[in-house]
Amino acid sequence: MSEKVLMKGNDAISEAAIRAGCEAYFGYPITPQNEIPAYMARNMLDKGRIFIQAESEIAAIIMVYGAACAGVRAMTSSSSCGISLKQEGISYAAGADVPLVLVNVNRGGPGLGNISPAQSDYFQSTRGGGHGDYKCIVLAPKSVQEAADLTYLAFDLADKYRMPVIIHADGMIGQMIEGCVLPPEKKISKYDWSVGGLAERAGKKPVHITSIELVPELLEVKNKERFKRYEKIKTAEIRYEESNCAGADLVMAAFGTCARVCLGAKTLAEKEGIKLGIFRPITLWPFPYEALGKAMADKPVLSVEMSEGQLIEDVKLSAYYSNSKSNIHLLGRSGGMIPTEEEVFTKVKEILKK
């Protein structure tokens, strides 16, 4: 078994990306994800891999797009407003069926906001974010260990489905330091379908990768084929964690740091004889609607999030799809504020009238 090391979340993400075979990283500084480009700058070049601090976030995402088209595993990272600037390039990658990994260490917003942790990029990550019809697989870690594990997984998922994959971490996950067992290093061959890939080396017609299709009927066909792939992802790649929901008086829905806060609230509740369940989506897209609907049954549900009510929209859809009669409530903090265990427990007692 690999040795457990003490690492900051951002460093764990970076090292996991390197071990997953990331050959090219392009980024631009912004807090609270600055440790990622710093780590990649220190370690990528020593391994003969590519690190470039781009002149802007826009340049960085287009460089990632180009590197992925050339056949290597590529990644970028940023925080919130920096991710907004990358949206056009993400849409290009989705439209051209190009795999890439994007890390978003969320900060308070909207606008420049502040550098404190937030989860208010949920809609941006799960609803596409850029222009056109497309989706990204979105993975939300709750610990440094998961930050490493899900980053490692992200490259495989991006390759498997030829699409962008987002690591949706909040600033707390990026900055906290915990024990972490790092994954093994893997060697990845160039993509066969890439520009300069096997087809071109065999003397066949050069590969042309693009998102543009000027014939409306053909573009619609490409979009519909892509959404058929998305349906397969919904069947095969949903991930979640459920704790004590079956016998609970109330179910809390949360991800990332908020799921850790809910665990503390659950402990407080147990001291007063109140049974709380926790449902944590790990894939924010595809969202585990069916599993959450089953977990909530007809119990009251509290969506705990660091936003003014974004996760709760998918909680409500889970109830709709499962015909649940649950009363759904929100405890949302924003602007970089993190809910406390006591605050969550107080809200629980208010809902249960205890």
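Side notes on the structure shown:
- Residues located in segment 1-19, provided they are surrounded by fewer than 24 Cβ atoms within 10 Å (Cβ to Cβ) and among the hydroxyl-bearing types (Ser, Thr, Tyr): Ser2
Yes or no, residue by residue, for (1) at pLDDT below 95; (2) farther than 20 Å from Ala93 by Cβ; (3) in contact with a strand residue (DSSP E or B) (Cβ under 6 Å, 6 or more places away or on another chain):
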| site | (1), (2), (3) |
| --- | --- |
| Ala118 | no, yes, yes |
| Tyr122 | no, yes, no |
| Gly128 | yes, no, no |
| Gly132 | no, no, no |
| Leu139 | no, no, yes |
| Lys142 | no, yes, no |
| Thr151 | no, no, yes |
| Asp156 | no, no, no |
| Lys160 | no, no, no |
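Yes/no per residue for (1) in a loop (DSSP other than H, G, I, E, B); (2) open to solvent by 30 Å² or more (accessible area, probe 1.4 Å); (3) modelled with pLDDT under 95:
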position	(1), (2), (3)
Ile167	no, no, no
Met172	no, yes, no
Glu178	no, yes, no
Lys186	yes, yes, yes
Asp192	yes, yes, yes
Gly203	yes, yes, yes
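- For segment 20-35, the criterion of being surrounded by 23 or more Cβ atoms within 10 Å (Cβ to Cβ), within 18 Å of the chain's Cα centre (by Cα), without any contact (Cβ under 8 Å) to a residue 40 or more places away in the chain and under 30 Å from Asp133 (Cβ atoms) is met by none of the residues.
- Residue list for segment 114-156, filter: open to solvent by less than 10 Å² (accessible area, probe 1.4 Å) and in a helix (DSSP H, G or I): Tyr122, Ser125, Thr126, Val144, Ala147, Ala148, Thr151, Ala154, Phe155
- Residues that are out of contact with any Lys or Arg (no Cβ under 9 Å at 6 or more places or on another chain) and among the charged types (D, E, K, R) were ranked within segment 274-332; the one that is surrounded by the fewest Cβ atoms within 10 Å (Cβ to Cβ) is Lys325.
Residue-by-condition table, conditions (1) in contact (Cβ under 8 Å) with a residue 12 or more places away in the chain; (2) closer than 20 Å to Ala140 by Cβ; (3) of a type in the set (Val, Ile, Thr):
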{"site": "Gly273", "(1), (2), (3)": "no, no, no"}
{"site": "Ile278", "(1), (2), (3)": "yes, yes, yes"}
{"site": "Trp285", "(1), (2), (3)": "yes, yes, no"}
{"site": "Leu292", "(1), (2), (3)": "yes, yes, no"}
{"site": "Met296", "(1), (2), (3)": "yes, yes, no"}
{"site": "Arg333", "(1), (2), (3)": "yes, yes, no"}
{"site": "Glu343", "(1), (2), (3)": "yes, no, no"}
{"site": "Thr346", "(1), (2), (3)": "no, no, yes"}
{"site": "Lys353", "(1), (2), (3)": "no, no, no"}
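- Count of segment 233-267 residues which are part of a helix (DSSP H, G or I) and touching a residue at least 24 places away in the same chain (Cβ under 8 Å): 12
- Residues (more than 13 Å from Asp121 (Cα to Cα), of a type outside the set (Ser, Thr, Tyr) and open to solvent by 10 Å² or more (accessible area, probe 1.4 Å)) located in segment 86-95: Glu88, Gly95
The values are calculated or read from the model by the stated rules, or taken from the named source; none is laboratory data. A quick note: this is a predicted structure, and the numbers were derived from the prediction, not measured. Glycine also receives a Cβ, built like all others from the backbone with ideal geometry; neighbour counts cover every protein chain displayed. The protein model used for the area step is the full one, side chains on, heavy atoms only, and it has no ligands, DNA or RNA in it. Shrake-Rupley method; radii C 1.70, N 1.55, O 1.52, S 1.80 Å.
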